[in-house]
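Everything below concerns the one structure shown next.
The values are calculated or read from the model by the stated rules, or taken from the named source; none is laboratory data. Keep in mind that this is a model prediction, so the values were computed, not measured. Here the Cβ is made from the backbone with ideal geometry for all residues, glycine too, and neighbour counts use every protein chain on show.
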Protein chains: 2
Amino acid sequence: MQRIINEPDYVVEDMLKGFLKCHADIVHADESNPRVVISNFAKSKKKVGIVTGGGSGHEPAFIGYCGKNMVDAVAVGEIFSSPTAKSFYDAICAVDQGMGVACLYGNYAGDNMNVKMARELAEDDGITVKTAVANDDAASASTEELNKRRGVAGEIFMWKIGGAKSEQGGTLDEVISAAQKAIRWTRSIGIGLSPCTIPANGKPNFHIEEGTMEFGIGHHGEPGVKIEKMGNAKTIAAEMTNMVIQDLPFADGDEAAVLISGLGATPVMEQYIFYNEVEQLLKDNGIHIYRSYVGNYFTSLEMNGLTLSVMKLDEELKECLDKEARTVGITQFKGEQRNELR
Amino acid sequence: MQRIINEPDYVVEDMLKGFLKCHADIVHADESNPRVVISNFAKSKKKVGIVTGGGSGHEPAFIGYCGKNMVDAVAVGEIFSSPTAKSFYDAICAVDQGMGVACLYGNYAGDNMNVKMARELAEDDGITVKTAVANDDAASASTEELNKRRGVAGEIFMWKIGGAKSEQGGTLDEVISAAQKAIRWTRSIGIGLSPCTIPANGKPNFHIEEGTMEFGIGHHGEPGVKIEKMGNAKTIAAEMTNMVIQDLPFADGDEAAVLISGLGATPVMEQYIFYNEVEQLLKDNGIHIYRSYVGNYFTSLEMNGLTLSVMKLDEELKECLDKEARTVGITQFKGEQRNELR
């Protein structure tokens, strides 16, 4: 793997410097903790604070969803590692305005532990913190053990909904309730076609045989449910879409939001070819796509592969999804048309 | 190379289907020519039509810059191949409103030939067509032979400026003049760290030895000016930035727009690390970054590497650059702050 980096141990620092310079109109660093990125819009009105955090290497996630009407502060971890409890705590303190803070993060052991500690520290300061924990990865545990499932790209929907609800003036309970509904109604599935290498390790973190793919792979190369022969876009889309819609389950007549994310090295062209198949499969099942996102929204360094996330919608979620947003990852105009097909 | 496609010979068709479904709020296909993508905003007011076109495999370019205040219609070619003269002609006809059409495209033999034929056909119909031809790739010929240089990611600046000028009510001559200034004041340089494979060929179109990089590589793997030992972000940024700023040349006190694009497989993290170095180098040379773009803006399938484009600015270009835009590749709010550093 050839990389455009300086010191492998400082890739996160160097990346944050570039990110903050490039997007100074949207975000800034916390004054005392360089591992906390804060939205310039965080305190533009009195509202519930929205915090998330996670490991680096998933850019534009997590920092790229910090901004207007999405996340107010992000705790930044090392590559594929949880941020510290201190960073989560500093992020919470930075955006609390007395209405409480919603911490919307993914279900990983390190994050669970560090958010719990941060929450206790914040509550000692009199800040009310409530959480919604993303567990959208349908491949990571059975439907009987939803609380063991990992959070993946569906987190973006959770942030979009939670951030919009806060902007609408929702209370902490209302924000948490909307964010929890968003993630409860979201199912994701990923496939891996090639591994990735953590710069400081220098070797791929797993292996995928040419001609095969790992079905259900996690964002850090966690093993999927099976290794199978590589199919074409049609067969891969069918297997992934079926897993997602049967798991919730989605029903004939449902409206949904779809997010397809390349994992880092997947050509954008292939992502649209895949989207075309998914759209047809959902239509065949009577599921109407209300809004869709295709691109490198939540990556895993230079992994080849992609994730599919589908969120079932009701009027509340549609209203939140349609809300204007201004972040590096998602920029939506106020009053922008929906994705109605001609 | 493991790919998520169906028939290798139909990747462009399949991609376009997905793209048009996903972005039906921004673009639609021409009624009779499926290789022409038209902005839904093309005729929202009477203005000069903006047309471009190019080979596929560079997504989100070229189709992703079709939309509000950028390109009105795009002629779509096969992978890394020029669109047909007929597609350029149909694109021109689709967006002419009697004020003429500006065809803003890149300097490649096939495109030059096909645009020339399309222009003749259109002029037979009484449509005035003028062109601006991007030649921003500083590595592709010497300063004595600017007309031999290729167009690369700097085309995005040309489209942004030309589209904004048209929206402002500019005449065809004014639009062409602004677009030509944009590209005349833009210099780009690319590096390749790994090759890419055209799906229908099945084999990489060139080879890069591990530990080396191709300095000055083209968007289709055209040979660069030299093959050299792989450096780190700091040394690579220095070599690329120096080439760009000495070529125009940029001067102390200049304001500039910067666009860094991954070529397909370059982690977003590395693009920001690279940006951090470029920003420092420009500052050291007295060049102030007015606005910057970092991401996969103009790719080459799954090539690893990136391009750096820098455009010198004056008041006219700044005003056009700041204009609201709504395309898949660039979404900018009206009245959005500039990228002033805190």
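Quick one: would you say B:GLY295 is modelled with pLDDT of 95 or more and in contact with a Leu (Cβ under 6 Å, 6 or more places away or on another chain)? Break it down stepwise before answering.
Details: modelled with pLDDT of 95 or more: yes; in contact with a Leu (Cβ under 6 Å, 6 or more places away or on another chain): no.
No: the conditions fail for B:GLY295.
For the range B:254-271, name all the residues that are under 17 Å from the mean Cα position of the chain (by Cα) and within 7 Å of chain A (Cβ to nearest Cβ).
Across the range B:254-271, the qualifying residue is only B:GLY264.
For the range B:299-307, check the following and say yes or no: at least one residue is under 21 Å from the mean Cα position of the chain (by Cα) and more than 22 Å from B:GLY55 (Cα to Cα).
Just the residues of the range B:299-307 that are under 21 Å from the mean Cα position of the chain (by Cα), to begin with: B:299-307.
Among the residues that remain, those that are also more than 22 Å from B:GLY55 (Cα to Cα) are: none.
No, the conditions are met nowhere in the range B:299-307.
What number of residues within the range B:310-327 satisfy the criterion of being surrounded by fewer than 21 Cβ atoms within 10 Å (Cβ to Cβ) and either at the interface with another protein chain (Cβ under 10 Å from one of its Cβ atoms) or aromatic (Phe, Trp, Tyr) (or both)?
Number of matching residues: 1.
In the range B:310-332, is there at least one residue being within 24 Å of B:GLY192 (Cα to Cα) and polar (S, T, N, Q)?
The answer is no; no qualifying residue exists.
Among residues belonging to the range A:170-203 that are closer than 23 Å to A:GLU239 by Cα and not hydrophobic (A, V, I, L, M, F, W, C), point out the one that is nearest to the other protein chains (Cβ to nearest Cβ).
Among those that are closer than 23 Å to A:GLU239 by Cα and not hydrophobic (A, V, I, L, M, F, W, C), it is A:SER194.
Please indicate, with yes or no, whether at least one residue in the range B:91-113 is modelled with pLDDT of 95 or more, surrounded by 24 or more Cβ atoms within 10 Å (Cβ to Cβ), part of a loop (DSSP other than H, G, I, E, B) and of a type in the set (A, V, I, L, M).
No, every residue in the range B:91-113 fails to be modelled with pLDDT of 95 or more, surrounded by 24 or more Cβ atoms within 10 Å (Cβ to Cβ), part of a loop (DSSP other than H, G, I, E, B) and of a type in the set (A, V, I, L, M).
From (1) within 30 Å of A:ILE191 (Cα to Cα); (2) part of a loop (DSSP other than H, G, I, E, B), pick out the condition that doesn't hold for B:ASP9.
(2)
Count, please, the residues in the range B:238-266 that happen to be surrounded by 24 or more Cβ atoms within 10 Å (Cβ to Cβ) and in contact (Cβ under 8 Å) with a residue 60 or more places away in the chain.
Looking only at that region, the number is 10.
Within the set of pairs 6+ apart or on separate chains, which have a first residue in the range B:126-154 that is more than 15 Å from B:ASP247 (Cβ to Cβ), a second that is of a type in the set (D, E, K, R) and surrounded by fewer than 24 Cβ atoms within 10 Å (Cβ to Cβ), and C-beta atoms under 6 Å apart?
B:ILE127/B:ASP96; B:VAL129/B:ARG119
Just need a number here: residues in the range A:10-28 that are under 16 Å from B:TYR293 (Cβ atoms) and either surrounded by 20 or more Cβ atoms within 10 Å (Cβ to Cβ) or more than 8 Å from chain B (Cβ to nearest Cβ) (or both). Working first, answer last.
As a first pass, look at the range A:10-28 and keep what is under 16 Å from B:TYR293 (Cβ atoms): A:18-27.
Keeping just the survivors that are either surrounded by 20 or more Cβ atoms within 10 Å (Cβ to Cβ) or more than 8 Å from chain B (Cβ to nearest Cβ) (or both) gives A:18-23, A:26-27.
Of the residues in the range A:10-28, 8 are under 16 Å from B:TYR293 (Cβ atoms) and either surrounded by 20 or more Cβ atoms within 10 Å (Cβ to Cβ) or more than 8 Å from chain B (Cβ to nearest Cβ) (or both).
Can you find, within the range B:160-186, the residue that is surrounded by the most Cβ atoms within 10 Å (Cβ to Cβ) among those that are outside any helix (DSSP H, G or I) and of a type in the set (Val, Ile, Thr)?
Step one: filter the range B:160-186 for residues outside any helix (DSSP H, G or I), giving B:168-171, B:185-186.
Within this subset, residues satisfying the condition of being of a type in the set (Val, Ile, Thr) are B:171, B:186.
Working: B:THR171: 14, B:THR186: 31.
The residue in question is B:THR186.
Any residue that is under 19 Å from the mean Cα position of the chain (by Cα), within 23 Å of A:GLY264 (Cα to Cα) and part of a helix (DSSP H, G or I) - is there at least one of those in the range A:119-135?
So in the range A:119-135, the residues under 19 Å from the mean Cα position of the chain (by Cα) come out as A:130-135.
Now narrow it down to the ones that are within 23 Å of A:GLY264 (Cα to Cα): A:134-135.
After this cut, where a residue has to be part of a helix (DSSP H, G or I) as well, the list is none.
No, because not a single residue in the range A:119-135 is under 19 Å from the mean Cα position of the chain (by Cα), within 23 Å of A:GLY264 (Cα to Cα) and part of a helix (DSSP H, G or I).
Taking B:VAL76, is it under 30 Å from A:GLU214 (Cα atoms), β-branched (Val, Ile, Thr) and outside any loop (DSSP other than H, G, I, E, B)? Even if it seems obvious, please write down each step before you answer.
Numbers: under 30 Å from A:GLU214 (Cα atoms): no; β-branched (Val, Ile, Thr): yes; outside any loop (DSSP other than H, G, I, E, B): yes.
Spelling it out, it is not the case that B:VAL76 is under 30 Å from A:GLU214 (Cα atoms), β-branched (Val, Ile, Thr) and outside any loop (DSSP other than H, G, I, E, B).
When you go through (1) touching an Asp or Glu at 6+ places or on another chain (Cβ under 8 Å); (2) of a type in the set (S, T, N, Q); (3) without any contact (Cβ under 8 Å) to a residue 12 or more places away in the chain one by one for A:THR331, which number turns out not to apply?
Failing condition for A:THR331: (1).
What are the residues in the range B:199-233 that are surrounded by fewer than 19 Cβ atoms within 10 Å (Cβ to Cβ), among the charged types (D, E, K, R) and not in a loop (DSSP other than H, G, I, E, B), if any?
Those that are surrounded by fewer than 19 Cβ atoms within 10 Å (Cβ to Cβ), among the charged types (D, E, K, R) and not in a loop (DSSP other than H, G, I, E, B): B:LYS226, B:GLU228, B:LYS229.
Within the range B:241-248, is there a residue that is assigned to a loop (DSSP other than H, G, I, E, B) and of a type outside the set (D, E, K, R)? Spell out the reasoning first.
The initial filter retains those residues of the range B:241-248 that are assigned to a loop (DSSP other than H, G, I, E, B), namely B:248.
Then drop every residue that is not of a type outside the set (D, E, K, R), which leaves B:248.
Checking the range B:241-248: at least one residue is assigned to a loop (DSSP other than H, G, I, E, B) and of a type outside the set (D, E, K, R).
Has the range B:278-292 got any residue that is within 18 Å of the chain's Cα centre (by Cα), free of Cβ contacts under 8 Å to residues at least 60 places away in the same chain and over 24 Å from B:ILE227 (Cβ atoms)? Give the steps one after another, and end with the answer.
Restricting attention to the range B:278-292, the residues satisfying the condition of being within 18 Å of the chain's Cα centre (by Cα) are B:291-292.
Next, from what is left, pick out any that are free of Cβ contacts under 8 Å to residues at least 60 places away in the same chain: B:291-292.
With over 24 Å from B:ILE227 (Cβ atoms) added as a condition, the list becomes B:291-292.
Within the range B:278-292, one or more residues are within 18 Å of the chain's Cα centre (by Cα), free of Cβ contacts under 8 Å to residues at least 60 places away in the same chain and over 24 Å from B:ILE227 (Cβ atoms).
So that you can scan it fast, the table gives a plain yes or no per residue for (1) within 13 Å of another protein chain (Cβ to nearest Cβ); (2) of a type outside the set (Val, Ile, Thr); (3) touching a residue at least 12 places away in the same chain (Cβ under 8 Å):
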| residue | (1), (2), (3) |
| --- | --- |
| B:PRO8 | yes, yes, yes |
| B:ASP30 | yes, yes, yes |
| B:LYS43 | no, yes, yes |
| B:ILE63 | yes, no, yes |
| B:GLY67 | yes, yes, yes |
| B:ALA75 | no, yes, yes |
| B:SER81 | no, yes, yes |
| B:ASP90 | no, yes, yes |
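Does the range B:187-198 contain any residue that is within 30 Å of B:TYR290 (Cα to Cα), over 18 Å from the mean Cα position of the chain (by Cα) and assigned to a strand (DSSP E or B)?
Taking the range B:187-198 and keeping what is within 30 Å of B:TYR290 (Cα to Cα), we get B:187-193.
Imposing the further condition that a residue be over 18 Å from the mean Cα position of the chain (by Cα) reduces the set to B:193.
Going one step further and asking which of them are assigned to a strand (DSSP E or B), we end up with B:193.
Within the range B:187-198, one or more residues are within 30 Å of B:TYR290 (Cα to Cα), over 18 Å from the mean Cα position of the chain (by Cα) and assigned to a strand (DSSP E or B).
Only one of these conditions is not met by B:ALA237: (1) within 12 Å of chain A (Cβ to nearest Cβ); (2) in a loop (DSSP other than H, G, I, E, B). Which number is it?
All conditions are met except number (2).
Against the condition modelled with pLDDT of 95 or more and within 18 Å of B:ALA153 (Cβ to Cβ), how does B:ILE63 come out, does it pass?
Working: modelled with pLDDT of 95 or more: yes; within 18 Å of B:ALA153 (Cβ to Cβ): yes.
Answer is yes for this residue.
Out of all the residues in the range B:32-41, which are in a loop (DSSP other than H, G, I, E, B) and either within 9 Å of chain A (Cβ to nearest Cβ) or under 18 Å from B:ASN69 (Cα atoms) (or both)? Give the steps one after another, and end with the answer.
Residues of the range B:32-41 in a loop (DSSP other than H, G, I, E, B): B:32-35, B:40-41.
Correct list: B:ASN40, B:PHE41.
Report yes if some residue within the range A:289-309 is surrounded by fewer than 24 Cβ atoms within 10 Å (Cβ to Cβ) and more than 11 Å from every other protein chain (Cβ to nearest Cβ); otherwise report no.
Yes, the range A:289-309 has at least one match.
Would a scan of the range A:276-286 turn up a residue that is part of a helix (DSSP H, G or I), among the charged types (D, E, K, R), surrounded by fewer than 23 Cβ atoms within 10 Å (Cβ to Cβ) and more than 12 Å from chain B (Cβ to nearest Cβ)?
So far as the range A:276-286 goes, yes, one or more of its residues are part of a helix (DSSP H, G or I), among the charged types (D, E, K, R), surrounded by fewer than 23 Cβ atoms within 10 Å (Cβ to Cβ) and more than 12 Å from chain B (Cβ to nearest Cβ).
Can we say A:GLY67 is buried (at least 24 other Cβ atoms within 10 Å of the Cβ), outside the structural domain of A:LEU308 (by TED's automatic domain parsing) and on the phi > 0 side of the Ramachandran plot? It would help to see each step written out before you state the result.
On the way: buried (at least 24 other Cβ atoms within 10 Å of the Cβ): yes; outside the structural domain of A:LEU308 (by TED's automatic domain parsing): yes; on the phi > 0 side of the Ramachandran plot: yes.
Against the criterion (buried (at least 24 other Cβ atoms within 10 Å of the Cβ), outside the structural domain of A:LEU308 (by TED's automatic domain parsing) and on the phi > 0 side of the Ramachandran plot), A:GLY67 qualifies.
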